[in-house]
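S.K.: Sharing a structure with you now.
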Amino acid sequence: MLKLALVGLGASGLFCLEELAGADVEVHVFDVGPRYDKRYACPIDQGKLTVCPPKACSYCAPGQSAGSWNDFKVILSASPVIGGRLYELVGEQELQKRLDKLRKLILHHAPVEIPVVKPDQDDLDWIKKRATLAGMTYHFQELLHCGSDNAPAINTSILTEIIEKGPNIVFHWDTKVLSVSRKGEQFSVVYDHYKKPGHEAEDSFDFAIMSVGRGGANWLTQQEFYKALETSPGQVDIGVRVETSCYFTEEVDKRFYEPKLYYITKRSGDVVRNFCSNPKGFVTPENHRDYVLVNGHSKMYEKSENNNFAVLVSKTFTRPFKHPQQYSQHIAKVTNMLAGGGPLVQKLGDLRSGRRTKSLTNNLIKPTLEAEPGDISLAYPHRILEGILEYLDALDKICPGVAGESTLLFAPEVKSYPDSIVVSKNMETNIPNLFVIGDSSSWTRGVGQAATSGMLAAEGVRRKLKEAGKQDKWTLPVVAQPAPLVPTMASDNDGLVTDVPLIRR
């Protein structure tokens, strides 16, 4: 039987696996995170900690920081500019067809009724007029917001159903893939236990699907096959997490939840956009071990009095520069250095005045994340800050008060992507049987299109199996599980998940 290695089980990997369940191919899933039923909520949200631990916990550790676990916001519209670039790859009709399937799957597995946010014509007329007067461009989207509190139930239910119909799947939880390399016409995967290394193993596969996300972008470039891929320079988004009063944004929030507003800076011509809006949500840290970023999420039930959202300046570099990921990470590390090792926060009024924020006492906006007051301008390039300030001034014309002196700016908020990898419509690279999906391909930047890219890759694999005369002939018994890397931890390492509760609406 042919074998396939799926590296990473975020949104793209999970929905790729959903398509491959039951196919006549032995699928090995490698994920550095624990089993879904062992993943827990952020200890800061639970009140158990006030700051991030020195090492990333399972909430933000690799394998757990995917968008389908934190906030779980899904763009359901086939847009040429929002959520990724699959529109260019497969066209509007094919992209929308898979997004519609994704919508049905998520809603079917949701433990509660989740409404789809879709603006009506009056709302569209309202935002287009105000955006135009502000010098901004509005992009339409339908949105499904599941919330961080519903994410575990939805993901666990989907995975449980996959396991029920997929005896061809072998799971390697808490497992770090050390390398993937070509071995003739096959792929060699070397892996070890993530938390307790020292039990290295190797296996060969006929197909390999890379689903390592933005966090695995640098790892991907270090693999033996990478230099043989056709690529173009990747993009980085550098910005801040803005936290302001929900009363300033309530008119927009109730109509759109998250309007996509783009702005072109006057002097530099840079594209600036908002991302990941969280009405009545919370600013959260993202511990990446070498540096700590800020992010945001919101919940279905627990609410704050603030709104937080990212304002990001997009940059694509040209030759001779070849290291956009390291560039953005360097900015993050310098910001952490100024803040004593964690996130930094500054009042917007202080940034404009060129002075450091020393205290947030008596500030109109009360932060939802404890961060070190400081001066972002000591870490960020002037061009980036100039674009952020221009954007907030424009947004203030739509949401009066947003650009006030008390608005808080948290840093670092950076999104780094790998080089854009040339792929077919089924996400197959120029190396036969090697697929790259999700944000690690640079074709997607959101749950919706990441999941869609996983579906496309699985469809490509199934097509290859069918052409080889191997499709829909599953008659073999359950795949034998490999020997666990750490025998005393077999239940936490390899083997099918059989005790995850099935949760249905």
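The values are calculated or read from the model by the stated rules, or taken from the named source; none is laboratory data. Note that the structure is a prediction, hence the values are computed from the model and not measured. All Cβ positions, glycine included, derive from the backbone under ideal geometry; neighbour counts span all protein chains shown.
S.K.: Given (1) without any contact (Cβ under 8 Å) to a residue 40 or more places away in the chain; (2) under 17 Å from ASP149 (Cα atoms), identify the lone condition not met by HIS297.
M.R.: The number of the failed condition is (1).
S.K.: At pLDDT 95 or above, surrounded by fewer than 21 Cβ atoms within 10 Å (Cβ to Cβ) and either part of a loop (DSSP other than H, G, I, E, B) or not charged (D, E, K, R) (or both) - does that describe any residue in segment 405-419?
M.R.: The answer is yes; a qualifying residue exists.
S.K.: Taking ASN274 as the residue in question, decide whether it is modelled with pLDDT under 90 and under 19 Å from the mean Cα position of the chain (by Cα).
M.R.: So ASN274 does not fit the description; no.
S.K.: Working only within segment 301-326, note down all residues that are out of contact with any Lys or Arg (no Cβ under 8 Å at 6 or more places or on another chain), surrounded by fewer than 17 Cβ atoms within 10 Å (Cβ to Cβ) and not polar (S, T, N, Q).
M.R.: TYR301, GLU302, PHE317, ARG319, PRO320, PHE321, LYS322, HIS323
S.K.: Separate question: Mind listing whichever residues of segment 225-247 are charged (D, E, K, R) and either modelled with pLDDT of 95 or more or under 23 Å from the mean Cα position of the chain (by Cα) (or both)? Lay out the reasoning, then the answer.
M.R.: Looking only at segment 225-247, we keep the residues that are charged (D, E, K, R), and these are 227, 230, 237, 241, 243.
Correct list: ASP237, ARG241, GLU243.
S.K.: Which ones in segment 28-80 are in a loop (DSSP other than H, G, I, E, B), among the charged types (D, E, K, R), more than 30 Å from GLN93 (Cβ to Cβ) and modelled with pLDDT under 80?
M.R.: Quick first cut of segment 28-80, residues in a loop (DSSP other than H, G, I, E, B) only: 31-35, 39-72, 76-80.
From what's left, among the charged types (D, E, K, R): 31, 35, 39, 45, 48, 55, 71.
Applying the additional criterion that residues be more than 30 Å from GLN93 (Cβ to Cβ) yields 31, 35, 39, 45, 48, 55.
Scanning segment 28-80 gives ARG39, ASP45, LYS48, LYS55.
S.K.: Another one. Do we have any residue at all in segment 268-277 that's of a type outside the set (S, T, N, Q), in contact with a strand residue (DSSP E or B) (Cβ under 6 Å, 6 or more places away or on another chain) and not assigned by TED's automatic domain parsing to the domain that holds LEU360?
M.R.: First, pick out the residues of segment 268-277 that are of a type outside the set (S, T, N, Q): 269-273, 275-276.
Subsequent filtering for residues that are in contact with a strand residue (DSSP E or B) (Cβ under 6 Å, 6 or more places away or on another chain) retains 270-273, 275-276.
Now drop any that are not not assigned by TED's automatic domain parsing to the domain that holds LEU360, which leaves none.
Within segment 268-277 (the criterion being of a type outside the set (S, T, N, Q), in contact with a strand residue (DSSP E or B) (Cβ under 6 Å, 6 or more places away or on another chain) and not assigned by TED's automatic domain parsing to the domain that holds LEU360), the answer is no, since none of the residues qualifies.
S.K.: Any chance segment 325-334 includes a residue that's closer than 25 Å to TYR263 by Cα and modelled with pLDDT of 95 or more? First the steps, then the outcome.
M.R.: Our first condition is that a residue be closer than 25 Å to TYR263 by Cα; within segment 325-334, this holds for 325, 327-329, 331-332.
Now narrow it down to the ones that are modelled with pLDDT of 95 or more: 331-332.
The answer is yes; a qualifying residue exists.
S.K.: I've got another one for you. Looking only at segment 130-137, decide whether some residue is touching a residue at least 40 places away in the same chain (Cβ under 8 Å), in the same structural domain as GLY454 (by TED's automatic domain parsing) and more than 30 Å from ALA153 (Cα to Cα).
M.R.: no
S.K.: Taking the stated definitions as given, is GLU161 of a type in the set (D, E, K, R), part of a helix (DSSP H, G or I), more than 30 Å from GLY269 (Cβ to Cβ) and assigned by TED's automatic domain parsing to the domain that holds LEU220?
M.R.: Values: of a type in the set (D, E, K, R): yes; part of a helix (DSSP H, G or I): yes; more than 30 Å from GLY269 (Cβ to Cβ): yes; assigned by TED's automatic domain parsing to the domain that holds LEU220: yes.
Yes, satisfied.
S.K.: Spot the failing condition for PHE248; the list is (1) in contact with a Lys or Arg (Cβ under 7 Å, 6 or more places away or on another chain); (2) among the hydrophobic types (A, V, I, L, M, F, W, C); (3) assigned to a helix (DSSP H, G or I), and only one is missed.
M.R.: The failed condition is (1).
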